[in-house]
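Visitor: Please read through the structure below; I'll follow up with questions.
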Amino acid sequence: MRIVLVGPPGAGKGTQATLLAKTLSIPHVSTGDLFRANISQGTELGLAAKSIMDSGKLVPDEVTIAMAKDRLEQSDADGGFLLDGFPRNVPQALALDEILEQRGIELDGVLDLEVPEDEVVRRIAGRRICRNEGNHVFHVEYNPPAEEGVCDVCGGELYQRSDDTEESVRVRLEVYHTQTEPIIEYYRKQGLVTTIPALGKVDEVTARAIEALRRNRDSDS
Ligand code: ADP
Ligand code: AMP
């Protein structure tokens, strides 16, 4: 299955993508995680992306598209993938179409996670992620680790993302409304979008997501 996950920052895309990727046996491809890995490895790409990410704006398309293309060309993505955080604007959606078209493949669906703004602000404020693995995600109140500051999965140190500040969140929400929401319309016209409410417990949202993807697959066959 080739799926794109969309939703505002803090909607739970990374949390759901990790669980869905395991269930569907496909890789979770998060451009945010790829940028953060570059930052922690001190690469040129990471250096260039860091201040843009901290401000809440989008990293330029040219850089982002090349990085996503590279990742999607790795062999583990041959049998499908779950994209999280890409595409994030219409030019990126057009570029993804081109990448897929060159390989003679198509998206199966776009899963849109719907969460009210006051809830995403609460989710982001309490988010903690693991230094070892960007997709080990916790929340100080909603999904706390057994031991404060320590990742349950691998024992890594938990930290607060440097872009999870009030100012950056305000910018990211604005960017989401102006640049990312139009891709939902773009994909809706192609009949690809399923919107699910992403309020409630993590496993309830996962069950809704799996059900939505199943319905989507059955209606295609
Ligand atoms: P995104 O990838 O969309 O930015 P994350 O998956 O990082 O969002 O989730 C943001 C925060 O919300 C994290 O701290 C996560 O633990 C928490 N979270 C995710 N899903 C839920 C949920 N269903 N209920 C409460 N908190 C959640
Ligand atoms: P995320 O981890 O998805 O919340 O992304 C964190 C930040 O990484 C964003 O605020 C952007 O600065 C950058 N980023 C991630 N994905 C993209 C993308 N597809 N296009 C541009 N910037 C991105």
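Visitor: Consider residue 75 carefully, then state whether it is of a type in the set (Ser, Thr, Tyr), under 21 Å from residue 91 (Cβ atoms) and either open to solvent by 20 Å² or more (accessible area, probe 1.4 Å) or touching an Asp or Glu at 6+ places or on another chain (Cβ under 7 Å) (or both). Don't jump to the end; show me each part of the working.
Guide: Details: of a type in the set (Ser, Thr, Tyr): yes; under 21 Å from residue 91 (Cβ atoms): no; either open to solvent by 20 Å² or more (accessible area, probe 1.4 Å) or touching an Asp or Glu at 6+ places or on another chain (Cβ under 7 Å) (or both): yes.
Considered against the rule, which asks whether it is of a type in the set (Ser, Thr, Tyr), under 21 Å from residue 91 (Cβ atoms) and either open to solvent by 20 Å² or more (accessible area, probe 1.4 Å) or touching an Asp or Glu at 6+ places or on another chain (Cβ under 7 Å) (or both), residue 75 comes out as no.
Visitor: Next question. For the stretch 131-144, which residues satisfy the criterion of being hydrophobic (A, V, I, L, M, F, W, C) and open to solvent by 80 Å² or more (accessible area, probe 1.4 Å)? Spell out the reasoning first.
Guide: Initial filter on the stretch 131-144 (hydrophobic (A, V, I, L, M, F, W, C)): 137-138, 140.
Scanning the stretch 131-144 gives a single hit, 140.
Visitor: Moving to a separate point now. With the condition kept exactly as written, say whether any residue in the stretch 55-67 is crowded, with 16+ Cβ neighbours inside 10 Å and either farther than 21 Å from residue 95 by Cα or away from ligand 2 (no atom under 11 Å from the Cβ) (or both).
Guide: yes
Visitor: Only one of (1) closer than 20 Å to residue 19 by Cα; (2) within 12 Å of ligand 1 (Cβ to nearest atom) is not met by residue 77, so which one is it?
Guide: The single condition residue 77 does not satisfy is (2).
Visitor: Output the residues belonging to the stretch 28-49 that are surrounded by fewer than 18 Cβ atoms within 10 Å (Cβ to Cβ) and either in contact (Cβ under 8 Å) with a residue 24 or more places away in the chain or within 15 Å of ligand 1 (Cβ to nearest atom) (or both).
Guide: 37, 40
Visitor: If you don't mind, another one. So in the stretch 75-100, with the set limited to residues that are free of Cβ contacts under 8 Å to residues at least 12 places away in the same chain and within 18 Å of residue 1 (Cβ to Cβ), which one is nearest to ligand 2 (Cβ to nearest atom)? Break it down stepwise before answering.
Guide: Of all residues in the stretch 75-100, those free of Cβ contacts under 8 Å to residues at least 12 places away in the same chain come to 75, 78, 94, 97-98.
Now drop any that are not within 18 Å of residue 1 (Cβ to Cβ), which leaves 75, 78, 97.
Details: 75: 22, 78: 22, 97: 15 Å.
Checking each candidate, the answer is 97.
Visitor: Please enumerate the residues belonging to the stretch 133-173 that are in a loop (DSSP other than H, G, I, E, B), touching a strand residue (DSSP E or B) at 6+ places or on another chain (Cβ under 8 Å) and not charged (D, E, K, R).
Guide: Answer for the stretch 133-173, where residues must be in a loop (DSSP other than H, G, I, E, B), touching a strand residue (DSSP E or B) at 6+ places or on another chain (Cβ under 8 Å) and not charged (D, E, K, R): 134, 135, 136, 140, 144, 145, 149, 151, 153, 154, 156, 160.
Visitor: Restricted to the stretch 98-112, and to residues that are within 18 Å of the chain's Cα centre (by Cα) and away from ligand 1 (no atom under 16 Å from the Cβ), which residue is surrounded by the fewest Cβ atoms within 10 Å (Cβ to Cβ)?
Guide: Narrowing the stretch 98-112 to residues within 18 Å of the chain's Cα centre (by Cα): 107-112.
Restricting the remaining residues to those that are away from ligand 1 (no atom under 16 Å from the Cβ) gives 107-109.
Values: 107: 18, 108: 15, 109: 22.
Out of the qualifying residues, it is 108.
Visitor: Here's another thing I want to ask about it. Give, as residue ranges, the helices (runs of 4 or more DSSP H) completely inside the stretch 1-107 that count at least 3 residues that are more than 19 Å from residue 132 (Cβ to Cβ) and in contact with a helix residue (DSSP H, G or I) (Cβ under 9 Å, 6 or more places away or on another chain). Please lay out each step first, then the result.
Guide: Details: elements: 13-24, 31-41, 44-55, 61-72, 90-102.
Fully inside the stretch 1-107 and qualifying: 13-24, 44-55, 61-72, 90-102.
Visitor: Same structure again: Give the residue, chosen from 123, 128, that is crowded, with 18+ Cβ neighbours inside 10 Å, within 16 Å of ligand 1 (Cβ to nearest atom) and assigned to a strand (DSSP E or B).
Guide: Numbers: 123 fails: assigned to a strand (DSSP E or B).
Of the residues listed, the single one that is crowded, with 18+ Cβ neighbours inside 10 Å, within 16 Å of ligand 1 (Cβ to nearest atom) and assigned to a strand (DSSP E or B) is 128.
Visitor: Looking at the structure I just gave you, is residue 23 of a type in the set (S, T, N, Q), under 17 Å from residue 95 (Cβ atoms) and either within 8 Å of ligand 2 (Cβ to nearest atom) or open to solvent by 50 Å² or more (accessible area, probe 1.4 Å) (or both)?
Guide: Details: of a type in the set (S, T, N, Q): yes; under 17 Å from residue 95 (Cβ atoms): no; either within 8 Å of ligand 2 (Cβ to nearest atom) or open to solvent by 50 Å² or more (accessible area, probe 1.4 Å) (or both): yes.
Judged against the criteria, residue 23 is not a match.
Visitor: May I pose another question? State all residues of the stretch 145-170 that are open to solvent by 70 Å² or more (accessible area, probe 1.4 Å), within 12 Å of ligand 1 (Cβ to nearest atom) and more than 20 Å from the chain's Cα centre (by Cα); if no residue qualifies, say none. Show your work before the answer.
Guide: Quick first cut of the stretch 145-170, residues open to solvent by 70 Å² or more (accessible area, probe 1.4 Å) only: 146-148, 152-153, 157, 160, 166-167, 170.
Cutting the leftovers down to within 12 Å of ligand 1 (Cβ to nearest atom) gives us 152, 160.
Correct list: 152 only.
The values are calculated or read from the model by the stated rules, or taken from the named source; none is laboratory data. As the structure is a computational prediction, the values presented were derived from the model and not from experiment. Note that we place each Cβ from the backbone using ideal geometry, even for glycine, and neighbour counts take in every protein chain shown. These accessible areas exclude ligands, DNA and RNA; they are computed on the full protein's heavy atoms, side chains included. Shrake-Rupley method; radii C 1.70, N 1.55, O 1.52, S 1.80 Å.
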